[in-house]
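Read the structure below first, then the notes.
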Amino acid sequence: MKYRPEIDGLRALAIIPVLLFHAGFKAFSGGFIGVDIFFVISGYLITTIIYEEIKLQQFSLLDFYERRARRILPALYAVMAISIPCAWMWLMPRDMWEFSKSLGFILISLSNSYFFSQAGYFAAASELKPLIHTWSLAVEEQYYWLFPIFIIFLWKINKKFIFPILVLVILLSLFYAQYLVSINPESAFFLLPSRIWELLIGSCIAIYLCNQKIHKQKTYEYISFIGLFLISISIYLFNQSTQHPSLYTLIPVTGTALVILFATNKNITGKLLSHKSIVAIGLISYSTYLWHQPLLSFARHRSINEPSQQLLFLLIVCALGLGYLSWKYIEQPFRNKRIIQSKTFFSLVGLFSLIFIYFGSLGYLNGGYPNRNMQELLYKRPNIEIKAKALQIPNKQSNQTEILQDIKVGIYNIHYFGDSQATKTIAIYGDSHAEVLIQGLNEAFRVKKIKGAIITIPNTCEPIPYFVINEINQSQMKNKLTSCTSSFMHLLAWFKSNVEGVIVHSRWTEKLYPIKGEIDSQPFNNEEGGVELDLKRKDYLVLNNNDDFTTSKDVKVTVINNFINSFDSLNMPIYLIYPAPEMGWNIPRMNYKTKFLTGHDELKIVSIPYEVFKKRNRFINRLFDSIRSKNIIKIKPEDIFCNTFIKNRCLGQTEKTTFYSDDDHLSTEGVTLLIPSIIGAIKN
């Protein structure tokens, strides 16, 4: 295969935005599309190699797999090996447990499936996962395993079928991605079926160029520049709210395809991408990509607040330096069979694989080594939650809340707890903030002879079923809204026949975002350095009278009133819990970081300004205050946590007790403070 320096230049164009995006530079909000560029390049290069060698009858499947292993594994294993002691020193037990599990999945080319399974509300933010970036390697590896066999099979039947079948698979995969991104965006993002179209576009380019006819150079000039333009606008205009992968992703993918097809050493685009400095970055792009995420992740673990942009930029420079060293002293020697023979190579791969399996298994079975250097006071709460979704220290031996039985009502799972023999049943409805209440209510309900029933809402619906997350396909949004509201009505009918009261709680303000002039910003910022990790946010919309989706304040007020009135119509006590204070800091994580950085074990008082809480939640509090009904019993967590322990402050931790399990969910001790108000309301 003839070397094309502009392809390495294209790799540089892919890696730099990825690095800056992960470092949090907002000007590169679409930097994640660098991975899509890599996919197209990989598809092009791999198919070119396979196609040319098959034509010359020189292709060997085993030799191909060995070359891929030599290309991918040495640098990857080096990063994994260095990451293990860093993880041991700096990761909290939950994070260490997840890191340990990821080692095994990386070895079997399934880290994309693993990180997909970890995606969701209770998973640590992606910025804190040192090896999450290996998901893209897993996608490529799966392609490497399957694609050569597919090509050999079609070649033997009739090679003329290869191109049209690839085009068909591209179309199926692309439209599947467009469909899936609306209903399960994590699956669309991480898994091969919704990603393979990008690799196969590179494959089609390779087949075309292997059989191409010469075009006029002037045509090359314009089209290659258009390709560069499409990539550039994607980097600067895309953001985390852009549905991806989807039809939008065609923009950078098409741009990449045009550059590969038409950039040459005789036009401006080709000359630009072939510049020595750009090619140099492209050559080390793979190793740099491997090093950057552990560097950024471990820096974030070691910092109480988000590291400064200056530090993150310095770490990007370090990643480039490590990328160069890794490329020169690891990648290059291992790709040369004369330096490292096959027997030696596979022996080393086998040895290090066993080491990773050993450390990964121990970390998983030991729950992330909770006793390695942790003080018990940091984890005093057992963090009992439904099905152990958010255990800080995963441990099969830990005492978890006893779930008496499960039933299903439509789309909802209902878990009973408390006193199984009680005749009085109280339901809990809401999001994860409602679910954590079971930590204290389980025992309290047993004592008070009450059966509890907690409602688990599927991810396809919102706790306020009249709200829907903003997506491209409005028809799908309306169908989802119709389905969710219908299911909710069915649940209300079940409440009427089976329970004597309902506790309703949610992270209300987040679920109402955005409302112009009222709820204008996400994530939560406590204005004292505590900023919630910026998980992927989307707008919550409602339907107006014209059957159009809107974020209108007036329409949302109407919808919230209808939501509360639907409970009120049950003619039973409805225990409406107002917003609990958000902290902005993940308090248990901050405790550990403080211990690590200072060596002090003592807990320190953590609080936020009361005014910040009131400003953040004034809209929903004002709305709830306006509700007048004898059935609605109002419970305000702020009466417990704010302006009580400390004047004009909302407390998250005392010198003895932690009231939060992260930055916004109450811990067992936090819930315990709230229980008397709930039980008192039920008793009265």
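Dipole magnitude for the chain: computed about the Cα centre from +1 point charges on Lys and Arg Cβ and -1 point charges on Asp and Glu Cβ, it is near 1180 debye. Residues of region 435-454 falling in the label zone of ASN498, defined by backbone nitrogen less than 19 Å from a point 7 Å along Cα to beta-carbon, are 435, 438, 442, 450-454.
The residues of the chain expose, per residue, 43 Å² of accessible area to a 1.4 Å probe. Each of LEU110, PHE147, PRO130 was placed along the dipole of region 83-163 (beta-carbon charges, centred on the mean Cα), and the one lying farthest toward the positive end is PHE147. Projected onto planes of every orientation and averaged, the convex hull of the alpha-carbon atoms in region 14-58 covers 3.2 nm².
Near ILE632, the amide H atoms lying under 5 Å from its own belong to ILE574; only residues 5 or more places off or on other chains count, and H is placed 1.01 Å from N. When the helices of the chain are scored as -39500 (n - 2.57) per DSSP H run of n ≥ 4 and the total is divided over every residue, the value at 222 nm lands at -18000 deg cm²/dmol. Under 23 Å of direct C-alpha separation, and excluding same-chain neighbours fewer than eight residues apart, LYS343 reaches these lysines: LYS328. Considering only ILE165, PHE524, TYR429, whose Cα is most displaced toward the positive end of the charge dipole of the chain, charges sitting on Cβ of Lys, Arg (+1) and Asp, Glu (-1)? About the Cα centre, the residue reaching furthest to the positive side is ILE165. Note: region 536-597, Cα convex hull, 146 Å³ per residue.
Taking the accessible area of the chain, probe 1.4 Å, and keeping the other protein chains in place, the carbon and sulfur fraction comes to 59%. Taking label positions 7 Å along the Cα-Cβ direction at both ASN473 and THR558, the computed distance is 2.8 nm, reported to one decimal. Taking only alpha carbon atoms, region 225-345 gives an Rg to Rh ratio of 1.06, where Rh is the Kirkwood radius.
For LEU666, the residues whose amide H sits under 5 Å from its own are SER661, ignoring neighbours fewer than 5 places away on the same chain, with H placed 1.01 Å from N. Close Lys pairs in region 486-599, defined as Cα atoms under 21 Å apart and 8 or more places apart or on different chains, number 10. Bridging of LYS656 to aspartates and glutamates at a Cα separation below 17 Å is possible for GLU376, ASP601, GLU602, GLU669, once same-chain residues fewer than 8 apart are set aside. Taken over region 465-587, the convex hull of the Cα atoms encloses 128 Å³ per residue. You can think of it this way: the chain between LYS408 and LYS276 has 41.2 nm of extra reach, that is 0.36 nm per residue less the Cα-Cα gap.
Rg/Rh, computed from the Cα trace of the chain with Rh as the Kirkwood radius, has the value 1.00. Starting from the Cα gyration tensor of region 53-102, take the square roots of the eigenvalues, sort them a ≥ b ≥ c, and report rounded, prolate or oblate (rounded when a/c is under 1.5, otherwise prolate if a/b is larger than b/c, else oblate). Verdict is prolate for region 53-102. Converting the Cα gyration tensor eigenvalues of region 54-192 into ellipsoid dimensions via √(5λ) gives semi-axes, longest first, of 34, 22, 8 Å. When only alpha carbons are used to place a centre, region 44-121 and region 567-598 end up 38 Å from one another.
With the dipole of the chain worked out from charges on the C-beta (+1 for Lys and Arg, -1 for Asp and Glu) around the Cα centre, which of TRP197, VAL18, GLY270 lies farthest toward the positive end? So the residue furthest toward the plus end is GLY270. By the rule of a C-alpha distance below 16 Å, with chain neighbours fewer than 8 residues away ignored, the aspartates and glutamates paired with LYS337 are ASP63, GLU66.
The values are calculated or read from the model by the stated rules, or taken from the named source; none is laboratory data. This is a predicted model, so every value here is computed, not measured. Backbone-built Cβ (ideal geometry, glycine too); neighbour counts: all protein chains shown. Keep in mind that these areas ignore ligands, DNA and RNA; they rest on the heavy atoms of the full protein, side chains included. Shrake-Rupley method; radii C 1.70, N 1.55, O 1.52, S 1.80 Å.
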